[in-house]
Amino acid sequence: MVEASVNEFLKLCEQSGDAAYAALRALVERLDDPKTRVQARIFLSDLQKRFPSKEASDKCFETYNFRIDDIFLDQYEGYQGRKKLTTMVIPSIFLPEDWSFTFYEGLNRHPDSIFRDRTVAELGCGNGWISIAIAEKWLPSKVYGLDINPRAVKISWLNLYLNALDENGQPVYDGEKKTLLDRVEFHESDLLAYCRDNGIQLERIVGCIPQILNPNPDAMSKMITENASEEFLYSLSNYCALQGFVEDQFGLGLIARAVEEGIAVIKAMGIMIFNMGGRPGQGVCKRLFERRGFQVTKLWQTKILQASELFLIGEASDTDISALVEIEKNSPHRFEFFMGLSGDQPICARTAWAYGKAGGRISHALSVYSCQLRQPNQVKRVFEFLKNGFQEVSNSLDLSFQDDAVADEKIPFLAYLSGILNEGSFCTYEPPAGSKRFRNLVAGFMKTYHRIPLSADNVVVFPSRAVAIENALRLFSPRLAIVDEHLTQHLPRQWLTSFALGGTGGSDSVEDVLTVIEAPRQSELMIELIIKLKPQVVVTGIAQFEAVTSSAFVHLLDITREIGSRLFLDISDHFELSSLPSSNGVLKYIAETPLPSHAAIICGLLRNQVYSDLEVAFVISEDEAIFKALSKTVELLEGNTALISQSYYGCLFHELLAFQLADRHPPAERESGKAKSAEMIGFSTSAISVLENAELSVSETENSSLIHMDADQSFLPVPSPVKAAIFESFARQNMAESEIDATPSIKQFIKSNYGFPVDVNTEFIYADSSLALFNKLVLCCIQEGGTLCFPAGSNGNYVAAAKFLKANIVNIPTNFEEGFKLTEKTLSGILDTVHKPWLYISGPTVSPTGLLYNNQEIEDLLSICANFGAKVVLDTSFSGLEFDSDGLVGWTLVDCLSKLKSSNPSFCVSLLGGLSIKMLTGPLKFGFLVLNEPALVDAFHSFPGLSKPHSTVIYAVKKLLSLREQKSGDLWDSIVKEIGNLKNRSKRLKETLKNCGWDVLEPRGGISMVAKPSAYLNKIVKLKGSPKDGSIGSAPVYEAKLDDSNIREVIYRATGLCINSGLWTGIPGFCRFTVALEQGEFEHALDCITKINSIISN
């Protein structure tokens, strides 16, 4: 009976490989059913007995298209488990051979605990024998055998039953009273798709998967079903398709994808183990894992012959080796082969190809690598970000480090950066004093590690230490300042060469002459100079040998207090971002004693393990007036400090605070120092005037939630290509010089957009913002004795900055009928009365009106300027988002400027620009200045304190400029979409304002517009309480008669909406509104405008 059944089964199998698979599949279905399982297993035993020898088994494979073999596991002394596994194979699945046996040997190199009670997945399980062997030897909690070949999965289940049940169909129990059926499952899966889709978290991932690209790429695109041809299904076990990874060129793309999928599903302390052919070279194989954040151990290595059947058939072999030879020809990479199995000197693919063609035997290494994520949670966050459409960036990722200290800084930052790019956290307003989060982290670090009870309101953030020092000196404008000789290199040259001591500086007023005396750092010598010269401001560091104790600092405090000097003490060289910071005498002192009101601490953060030129600085002051004034200097002169820089150092502070228990030993609260001192220098008269009258940012309180339509920033969504460029710039290592040279890209950009001429003498200067560059030009104007001319309707921040720097300013009238643009007649009339004129023009899009200068208009204005020999600053920072241009596609100034320059040599035009707004770059800040006048170049460089963009910013900007120039693709589509969005918002804002009684000047581009509250002017409004401080209903009544001086305050108090008034725009009555807000904020802003109309109407 049984004999007849076996014969019928064999007769079916003899027909074809497909028929054999169908018969075996039916047998698996019987094994799956508990009712027929025992008889089906007994049938398998009888079937195996028909082919008792290897020769009989081989004959069975040729005749009946299947084979049952034994794999012996008792290869070392002391092995206590099962001696052998019984397995079946069919032609359409991978046959156990050297690759898989070597892999199992590598797994054996691990200690027995490696798999015990773990959740394991095997990729490319083939006929399932390794999954079954792992379960048999190490007793894991569960093994998931996964294969893309559906026939392999069926045969794996059959093999599981073969070994989980004995010859009589009875369960075989292990020491824990479980069978293999309890521990092993097999599933059809493209790599780890099954685990990912079912939420299975793994502790071990092992894999022996294909590493040869299919010579017929089209074959890999077929649908994979169990009814596919045997040849195709078998090829899945030997070949892989292109996966879109850089490792594809070495045939390792499928392993690269497996590793990245594995990162998503492996637990924090999980281990991956892969079998790797050594043809690409050991370095390439290890780097595949290391650049993805793994620490790698080579468990086992042997050599195997290059598949001889490939050489015999000729075509496939030649194609395979030839492809590697071609790679070697076009790159410095060399593949790794050996001559025979005993050769120990590697040969390249070209030599191997020639040797093999001549009949030689070629081998290559076969290694088993074990790898574990060095910082698993952070690396997982990085790859979670990359899988959301950033595959190209993944190819640039490099998380391999020689120094663990570098890894400990870079990997957490990349994880943090991934999170904020995913969440769009950069699209929120941050105050000029610095990111609230960063300032809280600085204060938290000081509180936790140095016992100093600071808050965010004691910390002001600057782009660099040099900027902080220069801003402080400009704020006070002392007649005389003594500055540590180590801190003077970035100060204006004229400060260091002036001799206007004692107020004898010629015809200039005392306040306008700032003299800096360089002094040695040693405190005794510094104090001697302070006593003798009696400076109003002292800026100094402290010598290394004096930094350990507080005595030198206390002496400086006492002397400066007695003299009446402001003291700014630099601790940058002694400040350590460490969990065990060295003793610091200055910080020890202010931990116990409040910082006196005449003193402030400066700290530049530049020493990090990863990005050597990435800087940010902060100033600590316990005097509220100093904090507010310094914050305003940042806004006036820099705009704000780059969020990327703050984010990097914020991440370092966070890592040092994350494991600390909050407020375990809170420092005692204290009042500011009240020691009497000599009369101190106050803020300069010009600084006080500007700080009081300029409409700078409104300070938010803890309970307030303001809407900023008064910020020169874009809070629009950051496009995916921008996120990719930002991330890639920080993830890359060893950038080439050409990759961080922005000049070629900027040249092309200004040529295609403005037709601006450049030659060999053209100077390109870059900074964190165009505002910072503009302010250096203002200083050049002042140094020349020039007069800076602003059209009425210019950006109020630029005008305020020029006033703060004490420029001689003339306002040029404009009118509503002309859209508040300059006219030739008015410009001629003004320039005729001005000595050494400098003219500021915003265009093609005018900020803040949103009107446009077309090419003819700007050429006409430049012609007038040339007649008077004026120096012109063309500011393009707010251009590039035109939505109603009537065919305007930019300027073509090259012919015009060449002709005008030849007619008047003293005439020159400087091109100022920024990319943050026009490129929707969010946190990326980048400004550029193009100078064509050698004398102006020299003058500009005499003011060196410029915060330059970090190399990562330049890399990202260069990449984005290249994408924008293509005028297609995701970046261009995003820009076009947001231009449409800005047009729609401008239309909605115009309608809302008009309905509420405002006269609106309709914009044609940019992110802002102006309008006049005609219906409100001269009306009296009464407000009780204010959303700005959460005190509605409890504050005294605020009453005002509406005009330019209070319209901003009234709207702000009533609604929390921040706008700029006519005092800022320079156009009487006309307020500025920006529309590049987050969508919800914009909708809220419209509601606020309607609300204030209701309040005033009632």
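Restricting attention to the range 959-968, does a residue exist that is buried (at least 23 other Cβ atoms within 10 Å of the Cβ) and small (Gly, Ala, Ser)?
no
So if I check each of Val1075, Val1050, Val1037, Val1021, which one is of a type in the set (A, V, I, L, M) and closer than 30 Å to Leu822 by Cβ?
Testing whether each residue is of a type in the set (A, V, I, L, M) and closer than 30 Å to Leu822 by Cβ leaves just Val1075.
Looking at the structure I just gave you, is Ala481 at pLDDT below 90, touching a strand residue (DSSP E or B) at 6+ places or on another chain (Cβ under 7 Å) and open to solvent by less than 40 Å² (accessible area, probe 1.4 Å)?
So Ala481 fails the test.
What's the number of the only condition in (1) out of contact with any Gly (no Cβ under 7 Å at 6 or more places or on another chain); (2) farther than 26 Å from Thr826 by Cα that Leu773 fails to meet?
Against the list (1) out of contact with any Gly (no Cβ under 7 Å at 6 or more places or on another chain); (2) farther than 26 Å from Thr826 by Cα, Leu773 comes up short only on (1).
Kindly provide the set of residues from the range 832-873 that are open to solvent by less than 10 Å² (accessible area, probe 1.4 Å), assigned to a helix (DSSP H, G or I) and touching a residue at least 40 places away in the same chain (Cβ under 8 Å), ordered by number.
Leu862, Cys865, Ala866
Just checking, which of Thr428, Thr448 is more than 30 Å from Ile527 (Cα to Cα), assigned by the TED database to the domain that holds Gln609 and over 15 Å from the mean Cα position of the chain (by Cα)?
Thr448
Which of the following residues is modelled with pLDDT under 95, surrounded by fewer than 22 Cβ atoms within 10 Å (Cβ to Cβ) and out of contact with any Leu (no Cβ under 6 Å at 6 or more places or on another chain): Gly829, Gly880?
One residue alone meets the criteria, Gly829.
Please specify each residue of the range 132-167 satisfying the condition of being in a helix (DSSP H, G or I), of a type in the set (D, E, K, R) and either more than 23 Å from Leu254 (Cβ to Cβ) or not assigned by the TED database to the domain that holds Leu73 (or both).
Glu136, Lys137
Among the residues that make up the range 397-406, is at least one of them open to solvent by 20 Å² or more (accessible area, probe 1.4 Å), part of a helix (DSSP H, G or I) and of a type in the set (A, V, I, L, M)?
Yes; the residues of the range 397-406 include at least one that is open to solvent by 20 Å² or more (accessible area, probe 1.4 Å), part of a helix (DSSP H, G or I) and of a type in the set (A, V, I, L, M).
Just give me the residues in the range 513-534 being over 17 Å from Trp495 (Cα atoms), open to solvent by 20 Å² or more (accessible area, probe 1.4 Å) and in a helix (DSSP H, G or I), in sequence order.
Glu524, Leu525, Glu528, Leu529, Ile531, Lys532
Would you be able to tell me the number of residues in the range 168-185 that are touching a Leu at 6+ places or on another chain (Cβ under 8 Å) and part of a helix (DSSP H, G or I)?
Residues in the range 168-185 being touching a Leu at 6+ places or on another chain (Cβ under 8 Å) and part of a helix (DSSP H, G or I): 3 in total.
From the list Glu1083, Glu1039, Glu1049, which residue is more than 14 Å from Val1021 (Cα to Cα), surrounded by fewer than 22 Cβ atoms within 10 Å (Cβ to Cβ) and not hydrophobic (A, V, I, L, M, F, W, C)? Write out each step before concluding.
Numbers: Glu1039 fails: more than 14 Å from Val1021 (Cα to Cα); Glu1049 fails: more than 14 Å from Val1021 (Cα to Cα).
Sole residue among the options that is more than 14 Å from Val1021 (Cα to Cα), surrounded by fewer than 22 Cβ atoms within 10 Å (Cβ to Cβ) and not hydrophobic (A, V, I, L, M, F, W, C): Glu1083.
Of the residues Phe764, Phe790, Phe774, only one is modelled with pLDDT of 95 or more, assigned by the TED database to the domain that holds Met919 and either in contact with a Lys or Arg (Cβ under 9 Å, 6 or more places away or on another chain) or not aromatic (Phe, Trp, Tyr) (or both); which?
Sole residue among the options that is modelled with pLDDT of 95 or more, assigned by the TED database to the domain that holds Met919 and either in contact with a Lys or Arg (Cβ under 9 Å, 6 or more places away or on another chain) or not aromatic (Phe, Trp, Tyr) (or both): Phe764.
Checking His654 against (1) farther than 28 Å from Leu773 by Cα; (2) in contact (Cβ under 8 Å) with a residue 40 or more places away in the chain; (3) part of a loop (DSSP other than H, G, I, E, B); (4) not hydrophobic (A, V, I, L, M, F, W, C), which test does it fail?
Answer for His654: the failing condition is (3).
Among the residues of the range 4-49, how many are touching a residue at least 24 places away in the same chain (Cβ under 8 Å) and open to solvent by 40 Å² or more (accessible area, probe 1.4 Å)? Don't jump to the end; show me each part of the working.
Residues of the range 4-49 that are touching a residue at least 24 places away in the same chain (Cβ under 8 Å), as a first pass: 5-6, 9-10, 13-14, 16-21, 24-25, 27-28, 31-32, 37-48.
Within this subset, residues satisfying the condition of being open to solvent by 40 Å² or more (accessible area, probe 1.4 Å) are 5, 14, 16, 18, 25, 32, 37-39, 42, 48.
Total satisfying the criteria: 11.
Going by the conditions given, is Tyr429 modelled with pLDDT of 85 or more and surrounded by fewer than 22 Cβ atoms within 10 Å (Cβ to Cβ)? So that I can check it myself, show each step before the final result.
On the way: modelled with pLDDT of 85 or more: yes; surrounded by fewer than 22 Cβ atoms within 10 Å (Cβ to Cβ): yes.
In short, yes.
For the range 883-926, give me each residue that is closer than 23 Å to Pro848 by Cα, among the hydrophobic types (A, V, I, L, M, F, W, C) and open to solvent by 50 Å² or more (accessible area, probe 1.4 Å).
Val889
So if I check each of Arg82, Arg109, Arg118, Arg183, which one is open to solvent by 10 Å² or more (accessible area, probe 1.4 Å), at pLDDT 90 or above and basic (Lys, Arg)? Spell out the reasoning first.
Values: Arg82 fails: at pLDDT 90 or above; Arg109 fails: at pLDDT 90 or above; Arg183 fails: open to solvent by 10 Å² or more (accessible area, probe 1.4 Å).
Residue meeting the stated conditions: Arg118.
The values are calculated or read from the model by the stated rules, or taken from the named source; none is laboratory data. Not measured: the values here are computed from a predicted model. FYI the Cβ positions are ideal-geometry reconstructions off the backbone, even for glycines, and counts take in every protein chain you see. Surface accessibility is based on the protein's heavy atoms, side chains included, excluding ligands, DNA and RNA. Shrake-Rupley method; radii C 1.70, N 1.55, O 1.52, S 1.80 Å.
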